[in-house]
Amino acid sequence: MKTPYLEINLSKIHDNAKRLRAMLGARDIEITSVTKCFLGEPRIANAIVTAGISSLGDSRIQNIIRMKKANVKALFTLIRTPSASEVHDVVTYADVSFNTELSIIAALSKAAIRQKTIHDIILMVEMGDLREGILRQDIGKTIEEVLQMKGVQIIGLGTNLACLNGVKPTRYNMDHLSRLAEIYEKAYDIKLHTISGGNSANFDWMLEHGSTGRVNNMRLGEAILLGRETLSRKPIDGLHLDAFSLIAEVIESKVKPSLPEGEPGQDAFGNTPIFEDKGEMLRAIAAIGRQDVHMEGLTPTLDVDILGSSSDHIVLDATRTPLHVGDYIRFNVDYAALLSSMTSPFVGSSYN
Ligand SMILES: *Cc1c(COP(=O)(O)O)cnc(C)c1O
């Protein structure tokens with residue numbers, strides 16, 4: 001096997017999906033499993049679908065097309081507002097899309113009429129995190145306009161918190177979303193089937209409050225893949241945290257001083273490093289770097305310290321755990337490390 005590669009444990013992902021499905025199911029909340037972090041890789045998608053989660057969401061239409069072509073059987077939702085240039089594909093391949101802009105919904109309507117189909121949409125509401133969302137005072141006007149359009153149908157409301165600005169999902173903003181659903185169903189005599197309350201940051205809210213109101217859907221990426229909620233990155237009870245790990249290979253191992261020699265200046269990334277003199281140490285170099293992974297998100301599973309990294313190297317203090325040329329070293333990954341290594345063309349993958 002060529003290194004570096006991600007080792008992906010499908011049965012751990014399957015277990016996580018199954019356990020979360022039971023946990024949320026007990027509160028009448030359905031899961032949309034978010035697949036963007038693994039680019040819609042069909043083997044991973046199927047490990048989730050066979051755990052009983054039949055709704056998959058991705059922010060990239062290309063990933064949805066990939067899963068459809070691989071015959072993954074699920075309901076597919078595009079969870080990023082479509083761009084004007086992709087509305088045709090969105091109608092063809094996605095069952096549902098999240099929307100905030102009338103001009104895009106109008107384009108979806110045209111495409112759906114041409115394709116002789118009805119495209120379902122969920123309106124995303126701005127609840128404070130200031131990423132995507134229709135302002136609350138504009139929801140009524142938006143629904144009114146969409147009701148005039150053929151080929152598109154509003155099936156629910158959604159919101160996304162704790163992403164751009166880390167605003168917490170709380171009883172206050174979640175109850176507010178539920179109230180909005182009630183108000184607009186009555187006002188326009190429509191049925192809002194899906195109230196999609198958020199992502200892996202919604203766990204505390206879900207567990208702490210007896211009633212989850214009208215919220216009956218959560219979109220989970222990190223919780224399923226890495227077993228953590230995302231407000232404080234606490235492990236979720238009973239989930240595997242290590243379904244993914246990154247393997248790299250040692251290409252140099254030598255005893256060297258800990259203090260550089262010569263005059264200090266900037267490193268390759270414009271930083272001026274500071275050093276502590278720890279005397280001589282065994283310095284091992286792994287053949288992996290910033291072109292492969294967001295290295296701040298790596299935790300070695302051996303007792304070694306990461307000293308630094310450049311585009312293509314990670315340098316480790318291996319004094320306590322001697323490493324030799326050719327040894328493999330394993331790292332646990334966080335979300336940023338998983339996303340970056342999944343999308344790097346230099347990182348392979350191995351499934352077990
Ligand atoms: C990525 C994404 C998610 C999943 O977030 P996690 O923190 O991985 O659960 C949910 N909703 C939207 C709109 C997203 O873009």
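The values are calculated or read from the model by the stated rules, or taken from the named source; none is laboratory data. Given the structure is predicted, the values throughout are model-derived calculations rather than measurements. Heads up, the Cβs are rebuilt from the backbone with ideal geometry, glycines too, and the neighbour counts pull from every protein chain shown. What goes into the accessible areas is simple: the full protein's heavy atoms, side chains included, and nothing from ligands, DNA or RNA. Shrake-Rupley method; radii C 1.70, N 1.55, O 1.52, S 1.80 Å.
Worth pointing out:
- Residues that are within 22 Å of Glu30 (Cα to Cα), under 18 Å from the mean Cα position of the chain (by Cα) and in a helix (DSSP H, G or I), drawn from segment 62-98: Asn63, Ile64, Met67
- Out of Ile53, Ile44, sole residue that is among the β-branched types (Val, Ile, Thr), within 16 Å of the ligand (Cβ to nearest atom) and in a helix (DSSP H, G or I): Ile44
- Which numbered condition Gly128 fails, given (1) within 16 Å of the ligand (Cβ to nearest atom); (2) out of contact with any Asp or Glu (no Cβ under 8 Å at 6 or more places or on another chain); (3) part of a loop (DSSP other than H, G, I, E, B); (4) open to solvent by 50 Å² or more (accessible area, probe 1.4 Å): (4)
- Subset of segment 314-333 that is surrounded by fewer than 18 Cβ atoms within 10 Å (Cβ to Cβ) and within 28 Å of the chain's Cα centre (by Cα) - its residue that is farthest from the ligand (Cβ to nearest atom): Tyr328
- Extreme residue, nearest to the ligand (Cβ to nearest atom), among residues of segment 204-218 that are under 20 Å from the mean Cα position of the chain (by Cα) and open to solvent by 10 Å² or more (accessible area, probe 1.4 Å): Asp204
- Among the candidates Ile195, Ile247, Ile224, the residue that is more than 16 Å from the ligand (Cβ to nearest atom) and of a type in the set (A, V, I, L, M) is uniquely Ile247.
- Residue pairs whose Cβ atoms lie under 6 Å apart, separated by 6 or more positions or on different chains, with the first residue in segment 98-122 and assigned by TED's automatic domain parsing to the domain that holds Ile154 and the second more than 16 Å from the ligand (Cβ to nearest atom) and among the basic types (Lys, Arg), are Ile113/Lys150.
- Residue within segment 9-16 that is more than 16 Å from the chain's Cα centre (by Cα) and in a strand (DSSP E or B) present: no
- Within segment 82-123, the set of residues being over 15 Å from Gly151 (Cβ atoms) and touching a Lys or Arg at 6+ places or on another chain (Cβ under 9 Å) comprises Tyr93, Phe98.
- Just one of the listed residues (Lys110, Lys141, Lys116) is in a loop (DSSP other than H, G, I, E, B) and either surrounded by fewer than 18 Cβ atoms within 10 Å (Cβ to Cβ) or modelled with pLDDT under 95 (or both), and it is Lys116.
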